[in-house]
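Asks: Below: one structure in structure tokens.
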Amino acid sequence: MIELKDLRYVRLGSRDLAAAAEYARTILGLELVRRESDAIYFRGDDRDHTLVYFEGDAADHATGWEVAGAAALDAAGAELEAKRIQVHRGSRAECEKRYVADFIAFADPSGNRHELVASPRTSGTRFSPSRDCGVWSFSHIGLRTTNAARDETFWTTVMNARVSDRIGAAPLLRIDEVHHRIALFPSQHAGVQHVNHQVHGVDDVMRSYYFLRERGVKIVFGPGRHPTSGAVFLYFEGPDGMVYEYSTGVRLIKPEEEPGYRPRLFAFAPESFCMWGSRPDIPEFRT
Ligand SMILES: [Fe+2]
């Protein structure tokens, strides 16, 4: 089994890097780390970067996951190949673009691209959001799946993910204490479905709600509270139709709770996504 230690970054293709970067800085509130000729790096916490927009197709997404180190990366590559999953070893130049010592890339059964990384770089300077958004951590991603049961099996048998809860067929998966780092939502195609950043509190969620509305950013869900993770949330639209989420108060499942933990099943219904009555304007959440 491949042990994912952490969700490190998400890489999103864009045909308009300048516009995407402007959004990440002025609306999303992330810190601009660096501009390179074909990519712009941002961060939402103390790591080197957590979000990269690169010159490319807007449907081209990749998610970076940290493994324990060089030996774990080699073992992961061998394990994927033994399961007949094609693995690409990152070249020196590709590793430099990701600020990691080494990585391998592969696609999950739906075709979502993932990168397992060894020794990603941590920043020596304190994270400084570009606006008072309250963001303190890049925390989870929603992923589209063309077969939720098949992909749940992949994440929980090939990888170390555990199901925290399910909304209908959609599993919310953890790899550490946080209720979910990945959520799989049925769709006709692969791709990152939403990108989550944690904010400090409800005040930040509501402050951003008014901030975004005033600037004409489309709010697609919330403010609300997820009955699954308990988090207070706000979802809104970003460049190329990507959905971004701020949330706070996500449930933690502590190591001592692991042995007896059983995932709960929620109906695929609006009240399973929001216990306050907000209705999602997000295709994958529509019931
Ligand atoms: Fe989320």
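Asks: Report yes if VAL195 is out of contact with any helix residue (DSSP H, G or I) (no Cβ under 7 Å at 6 or more places or on another chain), of a type in the set (Val, Ile, Thr) and part of a helix (DSSP H, G or I), otherwise no.
Replies: no
Asks: Of all the strands (runs of 3 or more DSSP E) wholly in the range 1-100, which have at least 2 residues that are within 16 Å of the chain's Cα centre (by Cα) and touching a residue at least 12 places away in the same chain (Cβ under 8 Å)?
Replies: By residue number, 6-14, 39-43, 51-55, 61-66.
Asks: Looking only at the range 267-282, which residues are open to solvent by 40 Å² or more (accessible area, probe 1.4 Å) and either touching a strand residue (DSSP E or B) at 6+ places or on another chain (Cβ under 9 Å) or aliphatic (A, V, I, L, M) (or both)?
Replies: Of everything in the range 267-282, those that are open to solvent by 40 Å² or more (accessible area, probe 1.4 Å) and either touching a strand residue (DSSP E or B) at 6+ places or on another chain (Cβ under 9 Å) or aliphatic (A, V, I, L, M) (or both) turn out to be ALA267, PHE268, MET275, TRP276, GLY277, ARG279, ASP281.
Asks: Then there is this: Could you check the range 107-134 and list, in sequence order, the residues that are on the phi < 0 side of the Ramachandran plot, surrounded by fewer than 17 Cβ atoms within 10 Å (Cβ to Cβ), under 18 Å from the mean Cα position of the chain (by Cα) and outside any strand (DSSP E or B)?
Replies: PRO109
Asks: Here's a follow-up. Could you check the range 200-239 and list, in sequence order, the residues that are open to solvent by 10 Å² or more (accessible area, probe 1.4 Å) and assigned to a loop (DSSP other than H, G, I, E, B)?
Replies: Residues satisfying the conditions are HIS200, GLY201, ARG215, GLY216, VAL217, LYS218, HIS226, PRO227, GLY230, GLY238.
Asks: Can you work out which of the residues in the range 132-188 that are among the basic types (Lys, Arg) and closer than 24 Å to VAL232 by Cβ is nearest to the ligand (Cβ to nearest atom)?
Replies: ARG181
Asks: Scan the range 249-261 and give yes if some residue there is among the aliphatic types (A, V, I, L, M), more than 20 Å from the chain's Cα centre (by Cα) and at pLDDT 95 or above, otherwise no.
Replies: Looking for residues that are among the aliphatic types (A, V, I, L, M), more than 20 Å from the chain's Cα centre (by Cα) and at pLDDT 95 or above, one finds none in the range 249-261, hence no.
Asks: Would you point out which residue out of VAL192, VAL220, VAL232 is away from the ligand (no atom under 11 Å from the Cβ), at pLDDT 95 or above and in contact with a Gly (Cβ under 6 Å, 6 or more places away or on another chain)?
Replies: VAL232
The values are calculated or read from the model by the stated rules, or taken from the named source; none is laboratory data. Because the structure is predicted, anything quoted here is derived from the model rather than measured. Glycine gets a Cβ as well: all are built from the backbone with ideal geometry, and neighbour counts include every protein chain shown. These area figures cover heavy atoms from the full protein model, side chains too; ligands, DNA and RNA do not enter into them. Shrake-Rupley method; radii C 1.70, N 1.55, O 1.52, S 1.80 Å.
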